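Chemist: Have a look at the structure that comes next, please.
The values are calculated or read from the model by the stated rules, or taken from the named source; none is laboratory data. The structure displayed is predicted, hence computed values, not measured ones. All Cβ positions, even for glycine, are placed from backbone atoms using ideal geometry, and neighbour counts span all protein chains on display. We work out accessible area using only protein heavy atoms, side chains counted, and drop any ligands, DNA or RNA first. Shrake-Rupley method; radii C 1.70, N 1.55, O 1.52, S 1.80 Å.
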Amino acid sequence: MRAKLVAANWKMNGSFESNRRWLSQFDAAALGCEVVVCAPCVYLAQIAEALRGTSMSAGAQNLSAEAPGAFTGEVAAEMLIDCGIRWVIVGHSERRTRHGESSGMVAAKAARAVAHGLRPIVCVGETLNEREQGRTLAVIGAQLAPVLDACAAGELVAGAIAYEPVWAIGTGKTATPEQAQEVHAAIRSLLSRHDPGAASRTRIVYGGSVTPSNASALFAQSDIDGGLIGGASLSPSDFLSICRSADRIEH
Ligand code: PEP
């Protein structure tokens, strides 16, 4: 059985004060799922310190593929580890489309994360145009191929793969549970071609306008092992309700 994973992606939101408020209002004590809070990098030390000794973990939203050195504005894996961070989102669609990250760059980042003991949440997903052209599974396969060249499938088991259809992110349009399950099953079967044991243990989470009202139906699908939650994670009560939905479901 795979333990459910629910990760908050706060994107470029927060302040020391609002983070403190969120943390004081979110009570993970009774939760059975694994919870990760991915905050902007300037707040990582604050979040890691606040979550020390709790069942939750702090995560970053990006990392550099490079070793420390002359890379202005970048943050190295070693620095995240130094801040007490154990998780990192890699290849979010906002980074792919707005910051020009290719699947090759995403693979290099995933490999660097794994090499330094960070648990990557590797994001993949198709655009609306690609879905309408019937290319969803081909696109996902092409995004994952370089990752699986750069990392052994077994190295991804500690992290997760996030299926995030681009057309569902921040739009209020969610993939139906059946649409999401079809892609999750395809991702698991792709992993299985590399390492069947690892494929059955890897968490594949769904992201894209998950809310308290649609989370249960999504998480009930047999290959959906939790969620990566953007907008709804900014509200501690909505995020808690989504985590509780994950807790209620066992595969
Ligand atoms: C995300 O940013 O990873 C995400 C899934 O956003 P939202 O939940 O707002 O669609």
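Chemist: Scan 136, 97 and give me the residue that is β-branched (Val, Ile, Thr), more than 21 Å from residue 12 (Cα to Cα) and touching a residue at least 40 places away in the same chain (Cβ under 8 Å).
Modeler: The match here is 136.
Chemist: May I pose another question? Only one of 216, 189, 222, 235 is closer than 21 Å to residue 38 by Cα and surrounded by fewer than 19 Cβ atoms within 10 Å (Cβ to Cβ); which?
Modeler: 235
Chemist: Okay, moving on. Does segment 40-51 contain at least one residue that is closer than 21 Å to residue 247 by Cβ and modelled with pLDDT of 95 or more?
Modeler: yes
Chemist: Using the structure shown, decide if residue 249 is modelled with pLDDT of 95 or more, open to solvent by less than 50 Å² (accessible area, probe 1.4 Å) and among the β-branched types (Val, Ile, Thr).
Modeler: Taking the combined requirement at face value, the residue does not satisfy it.
Chemist: Is at least one residue of segment 56-64 open to solvent by 40 Å² or more (accessible area, probe 1.4 Å) and more than 16 Å from the ligand (Cβ to nearest atom)?
Modeler: No, that holds for no residue.
Chemist: Now, a different point. Considering only residues of segment 83-106 that are of a type in the set (Gly, Ala, Ser) and within 12 Å of the ligand (Cβ to nearest atom), which is surrounded by the fewest Cβ atoms within 10 Å (Cβ to Cβ)?
Modeler: For segment 83-106, the residue satisfying everything is 93.
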